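The values are calculated or read from the model by the stated rules, or taken from the named source; none is laboratory data. Because the structure is predicted, anything quoted here is derived from the model rather than measured. Cβ coordinates were reconstructed from backbone atoms using ideal geometry, including for glycine residues, and neighbour counts include every protein chain displayed. For the accessible areas, the whole protein counts, side chains as well, though only heavy atoms, and no ligand, DNA or RNA atoms are used. Shrake-Rupley method; radii C 1.70, N 1.55, O 1.52, S 1.80 Å.
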Amino acid sequence: MEHDDPSHHAPPPAAQNDGAVDDWAARDDAEPSHRHDADAAAPPAPPAEGVNGIQSSLQAMELQTNAAAHEDVQMVADEEEEKKRHLNVVFIGHVDAGKSTAGGQILFLSGQVDDRTIQKYEKEAKDKSRESWYMAYIMDTNEEERLKGKTVEVGRAYFETENTRFTILDAPGHKSYVPNMISGASQADIGVLVISARKGEFETGYERGGQTREHVLLAKTLGVAKLIVVINKMDEPTVQWSKERYDEIEGKMVPFLKSSGYNVKRDVQFLPISGLCGANMKTRMDKSICSWWDGPCLFEVLDRIEVPLRDPRGPVRMPIIDKYKDMGTVVMGKLESGTIREGDSLLVMPNRSNVKVIGINLDEKKVRRAGPGENVRVKLSGIEEDDIMAGFVLSSVANSVGAFTEFNAQLQILELLDNAIFTAGYKAVLHIHSVVEECEIVDLIEEIETKKMKETDPKKKKPKRKPLFVKNGAAVVCRIQVNNLICIEKFSDSPQLGRFTLRSEGKTIAVGKVVAVPPAGRTAFSA
């Protein structure tokens, strides 16, 4: 390395002096008696001053060299770190399927939690007469969650395999907390759908009103491209690693996953596990436990899974999910596209505040830049915490994200509430990236007949009549209006900022994508 060559840093005269000083220092070590003679013979002050000067300049040079070398090492370490890809994994599924236990077991198996902590959680769970919950305590950290055994907030944790750094997002399964699950799934690249194999539990989650179905639909809508379906609790006394039970669950899930839009052969992988005892998670299944399973374990599947690449050179788009004060304003979110570097000038939309990036944190580490797909915390100057809300978007200045109060969308109606008619004037709650906003359907533009579209020649298609209303299962293009400006983009330009769900009274009633936005410079379509 160039820093090891002293001549690179100093001009030739200094180099000669360095040699003299080095020789003299060597003699000092070798001949202590001569040093006393020299001290007696020479006038003490001037040489000492000269030597001190040379030594201090040498020390300064050495410090500079060390600092530069340290910086190089740090940059190399950063480059090494970047060789590992980063993925967000969301754990979804019906309440009590074992999502938090499976997440906790992953952290334990990957060395993120030590034995002493596990023993502490075991004792805590035993004191609450909930012995089998201790693994879930790793993910469910607050007292309310531990007391009820239900995840409320989206838990977040980190682990690594050979080729990948993962962020686990443990989503709540209870229907009351679906909005929290949506915020977790909207940050995820891949989903782990946890299904309980216990008799009765799978059926409860899968039947109408169960969260297994709703979570799958939401995951697909929110951009979770790949799904790992883990059939959990296979060690349970009513199951005992039964192949018949595994096949029965897989047989019921495959048609439903296909109807939800997943390509089961390409995008879905099934495997049996036990989250509580860790079977088939880090290492392959022991034949003495389950003789019929020859497939991979969960860690292998996670490490090998392929996800679509994002564009690091694209415009910066980071929907903000949270903010706080820490020697400046810090915003949190997932960087959906582009690259953020320290010192960058960016915009916070929709209020068009100019900000400067003064710090970036990845997981718990401070870094100089972050690429697409990363969960980041960005420290900003030029804006107060009170001026930012969840749902705002950190955007590049040159190609900023649009902010609108109206847009056209293609909607798939899933399940309307009893006796409801989907027509102009219908009100619901819109969930799009990290935005949660009340909205109104102001116009139904066109009903899409999906089956007929495939059969008929597009040239012979009759002009569509504007529908007055549509029913369950219909696909429709409509205009949606919100009260406040929201940052969105057409689905074809940015899927992450162009797909959404509509919910009403705690139920997901429709999923959709943005197909058109008002022209540049306008926030709404002209009347």
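Observations, loosely collected:
Here's the yes/no breakdown for (1) closer than 23 Å to Ile168 by Cβ; (2) among the hydrophobic types (A, V, I, L, M, F, W, C); (3) open to solvent by less than 40 Å² (accessible area, probe 1.4 Å):
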| position | (1), (2), (3) |
| --- | --- |
| Lys366 | yes, no, no |
| Gly371 | yes, no, yes |
| Arg377 | yes, no, no |
| Ala390 | yes, yes, no |
| Leu417 | no, yes, yes |
| Ile421 | no, yes, no |
| Val429 | no, yes, no |
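- Residues (in contact (Cβ under 8 Å) with a residue 60 or more places away in the chain and out of contact with any Pro (no Cβ under 8 Å at 6 or more places or on another chain)) located in segment 196-205: Ser196, Glu201, Thr204, Gly205
- Verdict on Leu416 being touching a strand residue (DSSP E or B) at 6+ places or on another chain (Cβ under 9 Å) and within 27 Å of Lys220 (Cβ to Cβ): yes
- Meets criteria (modelled with pLDDT of 75 or more, open to solvent by 90 Å² or more (accessible area, probe 1.4 Å), outside any helix (DSSP H, G or I) and more than 20 Å from Lys233 (Cα to Cα)) for Gln119: no
- With respect to the conditions (1) under 24 Å from the mean Cα position of the chain (by Cα); (2) open to solvent by 10 Å² or more (accessible area, probe 1.4 Å), Gly382 falls short on a single one, namely (1).
- Segment 472-514 - residue that is of a type in the set (Ser, Thr, Tyr) and open to solvent by less than 60 Å² (accessible area, probe 1.4 Å) and, of those, nearest to Lys220 (Cα to Cα): Thr501
- For segment 83-104, filtered to residues that are within 19 Å of Ile305 (Cβ to Cβ) and not in a strand (DSSP E or B), the residue that is modelled with the lowest pLDDT is Lys83.
- When Ser526 is tested against (1) among the hydroxyl-bearing types (Ser, Thr, Tyr); (2) in contact with a Pro (Cβ under 9 Å, 6 or more places away or on another chain); (3) at pLDDT 90 or above, exactly one condition is not met: (3).
Conditions tested, residue by residue: (1) touching a residue at least 12 places away in the same chain (Cβ under 8 Å); (2) hydrophobic (A, V, I, L, M, F, W, C); (3) within 15 Å of Trp293 (Cα to Cα).
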site: Lys220; (1), (2), (3): yes, no, no
site: Ala225; (1), (2), (3): yes, yes, no
site: Val230; (1), (2), (3): yes, yes, yes
site: Glu236; (1), (2), (3): yes, no, no
site: Trp241; (1), (2), (3): yes, yes, yes
site: Asp247; (1), (2), (3): no, no, yes
site: Lys258; (1), (2), (3): no, no, no
site: Val264; (1), (2), (3): no, yes, no
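- Flag if Val401 is touching a Pro at 6+ places or on another chain (Cβ under 9 Å) and either within 19 Å of Leu222 (Cβ to Cβ) or assigned to a strand (DSSP E or B) (or both): yes
- Test for Asn408: is it outside any strand (DSSP E or B) and open to solvent by 10 Å² or more (accessible area, probe 1.4 Å): no
- Entry remark, segment 294-312: residues being free of Cβ contacts under 8 Å to residues at least 24 places away in the same chain and either β-branched (Val, Ile, Thr) or closer than 24 Å to Glu244 by Cα (or both) number 1 in total.
- Residue match in segment 341-352 (condition: of a type in the set (Lys, Arg), surrounded by 17 or more Cβ atoms within 10 Å (Cβ to Cβ) and on the phi < 0 side of the Ramachandran plot): no
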